[in-house]
1. Would you mind putting 215-223, 8-16, 172-180, 149-157 in packing order, based on average other-beta-carbon counts within 10 Å, highest first?
2. Taking Rh as the Kirkwood radius computed over C-alpha pairs, what is the Stokes-Einstein D of region 167-217 at 25 °C in a medium of viscosity 0.890 mPa s, expressed in µm² per second?
3. Would you calculate the separation in nanometres between label points at residue 92 and residue 175, each defined as 7 Å from the Cα along the Cα-to-beta-carbon direction?
4. Residue 182: accessible area at probe 1.4 Å, nearest 10 Å²?
Amino acid sequence: MDQDDPEARIRALEQPLADNARATELGSTAYTGGGAYQPPPVPPMPPPVPPMPPPVTGPGYGDQYAPPSYGAPWGPPPRKSSAGIPWIVLGIGAVVFMAIAAGVGFFVVNRSTSTFPDIPGISIPSIPSMPSMPSMPDQPTSAPPGGQLSVAGMGQNKTLECNNNHVSISGVSNTVTITGHCTNVTISGMQNKVTLETSDQINASGIDNVVTYHSGSPDINNAGNNTVQQG
């Protein structure tokens, strides 16, 4: 190497550095320069981290903040307690109530049927008796020749004297006996019984009327469920 060539001297000085860098990249500790390569010292381990102090629960300045816990947006509905009034208690109460009501009702009825005691100074007026209904006037049982005779009502028992008269019988369950000769006899209503001697004409209407004539040949007109016969 030429001692006077500055470039050669620079290359000679840079050659160990280049070799050292190449050996470091290749993971080798060999050093082609003068002496063995010494790796750099390993840095010391950092000291262990001390444990964190427990959180302060008491009030005061500088208390550690504990974030709130988030749960459901609303709580579950309250459950109905199965511990209530037992059904047997309700049944006993109902039986007692019915017994009391029956006793009160019996007492009220018994008091209402008993006689009231006399109260001094107070007189109870007597109820006046109802006036009797006036009796219906009796219908005539005879009439002049050619006149009109009639029987009406319910449950009557009549005897008529016929002298060429017109006779009308109506109502319910009447019993009529006709003597003499009639021009015509007309029967209506229900369940009337008529007995006559003789008539020129018999007219029957209504329901279940019975007409019996003794003699003659009358002109009979039966317009209902009736019986007209000679007997």
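The values are calculated or read from the model by the stated rules, or taken from the named source; none is laboratory data. Every value quoted in this text rests on a predicted model; they were computed, and no experiment measured them. Using ideal geometry, Cβ is built from the backbone for each residue, glycine included, and neighbour counts are taken over all protein chains shown. The area values use the complete protein model at the heavy-atom level, side chains included, leaving out ligands, DNA and RNA. Shrake-Rupley method; radii C 1.70, N 1.55, O 1.52, S 1.80 Å.
1. Going from most to least packed, we get 172-180, 149-157, 215-223, 8-16.
2. Numbers: Rh = 10.7 Å.
Once the numbers are plugged in, D ends up at 230 µm²/s.
3. 7.3 nm
4. Solvent-accessible area, nearest 10 Å²: 0 Å².
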